[in-house]
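Enquirer: First, the structure itself, so that you have it in front of you.
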């Protein structure tokens, strides 16, 4: 094994020179203070011009025992655990573009460094779209896949990872590989989803595309309690409205801690329709309907009848739609539980935190995000997580810390119990046996 370049400045100069030769003078440099991954600062930043150059960077890293961490737009660079070290930050910004395919094709191959908004703008010119609406502004497709990020449209279409047809990626030793073309290939491709760049460097992805819906309508109703939300979602799903999304926004100020669940259930009782519970402020439940004008109009009328006279109809999304409830510096949580148990998860979080916590996300699937204030003590965060995870474990759910202040990261278990840890360890050993890619970024310190 070659000693890392930190052993001498001559080694560092050689690495800088080689990265410059591979990427070009404008696309290789020493890292700055902003080039960090969850608090771990990089030494170099390299922006390869294509898969061949990216492979050369990986082979250079292998020769000098350097770690490599891929970065897209950096919108989720603070998610997850900090790597043990970040020698080379491999920026995927030039691994971008959309393959030229006829408009009637049902798929599109997209470079991993392509911003999602650029993909949608290009496809819309041909009347098509990706059914992908990740909340992170400016996110690249590779970043969305690497974080397994999804937005409201996951309700009908699944995440971007669910829509994969194929994937091209570089292994830790710089070999270009492809996955897809069948059940086994897709299973292999989806193993890389959510891997935070710690299993491979994504080069491009082929995803399904679809026609842009002729009409989009949001039917929104004010809500006050998790139990009320539970009853409404059950009603909407039973009505077979075929919604594209069912999203919930419960601000921290919504309602008060329930004295009695029977009293709280009255917010959804017919006698309470159109009335505001005293001392409460409102959250929102919004249903997105997509399709042709006639059938969307019919489903909209049925939705309004189900949700009651306080519901509103709009052709534009609510202001909170496709956004997270947390801000930089907060402890950001993702809760996943069967939709029928979502209210229990929210109540557990409220009880553990000692009051309402902002919650937002895909209530129709039981996948929501929540925020704890950044000033919350690490020990307090740990106790809240333990209480919530205890409730979710009995309901086949989980609570993951996406991002947190450094002191919280060092104190808490970000992931909780992982039944797939042995499989993840085997995949890491297969694709990156020397632990060169984002070491320590995955659960279990992988």
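Please treat every number below as a calculation from the coordinates, not as lab data. Model, not experiment: these values are computed from the prediction. All Cβ positions, glycine included, derive from the backbone under ideal geometry; neighbour counts span all protein chains shown.
Enquirer: Expressed as a fraction of 2.2 N^0.38 Å, the rule-of-thumb size for a compact globular protein of N residues, what is the C-alpha radius of gyration of the range 107-211?
Expert: On the way: Rg = 12.8 Å, N = 105, 2.2 N^0.38 = 12.9 Å.
Expressed relative to 2.2 N^0.38 Å, the Cα Rg reads 1.00.
Enquirer: OK, next. Quickly work out the residue 327-to-residue 413 label distance, labels modelled 7 Å from Cα along the C-beta direction, and quote it in nm with one decimal.
Expert: Taking the simple label geometry, residue 413 and residue 327 are separated by 3.2 nm.
Enquirer: Something else about it: Binning at 5 angstrom from zero up to the longest distance, how are the C-alpha pair distances of the range 9-154 distributed in percent?
Expert: Histogramming the range 9-154 at 5 Å steps yields 2, 9, 18, 19, 18, 13, 9, 7, 3, 1, 0, 0 percent.
Enquirer: Taking only Cα atoms of the range 324-414, what ratio of Rg to Rh do you get with Rh as the Kirkwood inverse-distance radius?
Expert: The Rg/Rh ratio comes out at 0.93.
Enquirer: Could you list 434, 300 in order of exposure, starting from the residue whose Cβ has the fewest other Cβ atoms within 10 Å?
Expert: Ranked by crowding around the Cβ, least crowded first: 434, 300.
Enquirer: Separate question: Can you give me the Cα centroid spacing of the range 321-354 and the range 145-224 in angstrom?
Expert: Each part reduced to its Cα centre gives a spacing of 23 Å.
Enquirer: Right, next: Estimate the FRET efficiency between residue 216 and residue 173 by the formula 1/(1 + (r/R0)^6), using the beta-carbon distance for r and 56 Å for R0, to the nearest 0.05.
Expert: My answer for the efficiency is 0.75.
Enquirer: So, one more: Given N residues in the range 152-197, what is Rg(Cα) / (2.2 N^0.38 Å)? Spell out each step's value before the answer.
Expert: Working: Rg = 11.8 Å, N = 46, 2.2 N^0.38 = 9.4 Å.
Rounded to two decimals, the normalised Rg is 1.25.
Enquirer: Take the Cα atoms of the chain, find their three principal axes, and give me the spread along each one in whole Å, biggest first.
Expert: For the chain, the Cα extents along the three principal axes come out at 78, 55, 36 Å.
Enquirer: Sticking with this structure for a sec: Given a Förster radius of 45 Å and the C-beta distance between residue 20 and residue 375 as r, what FRET efficiency does 1/(1 + (r/R0)^6) yield to the nearest 0.05?
Expert: 0.55
Enquirer: Express in nm, to one decimal, how much length is gained between residue 84 and residue 340 on full extension, taking 0.36 nm for each residue of separation and deducting their alpha carbon distance.
Expert: Details: separation 256, 0.36 × 256 = 92.16 nm, distance 3.91 nm.
Taking 0.36 nm per residue and subtracting the Cα distance, the gain is 88.2 nm.
Enquirer: Could you work out how much longer the chain between residue 315 and residue 65 gets when fully extended? Use 0.36 nm per residue separation minus the Cα distance between them, nm to one decimal.
Expert: Working: separation 250, 0.36 × 250 = 90.00 nm, distance 5.43 nm.
Difference between extended and current length: 84.6 nm.
Enquirer: To make sure I understand, if each residue's beta carbon is the centre and we count other beta carbons within 10 Å, what order do 393, 153 fall in, fewest to most? Intermediate results must be reported in sequence, preceding the final value.
Expert: Working: 393 13, 153 23.
Final ranking by Cβ density, sparse to dense: 393, 153.
Enquirer: Using a 7 Å offset from the Cα along the Cα-to-Cβ direction at both residue 422 and residue 105, what is the distance between the two label points in nm, to one decimal?
Expert: 4.2 nm
Enquirer: For 27, 326, what's the fewest-to-most ordering of other Cβ within 10 Å of each Cβ?
Expert: 27, 326
Enquirer: Round to the nearest 0.05 the FRET efficiency obtained for residue 351 and residue 382 when R0 = 25 Å and r is the Cβ-Cβ distance.
Expert: Efficiency at R0 = 25 Å is approximately 0.95.
Enquirer: Something else now. Report the extension gain between residue 430 and residue 240 in nm, rounded to one decimal, defined as 0.36 nm multiplied by the number of residues separating them, less their alpha carbon distance.
Expert: Details: separation 190, 0.36 × 190 = 68.40 nm, distance 4.41 nm.
Between residue 430 and residue 240, full extension yields an extra 64.0 nm.
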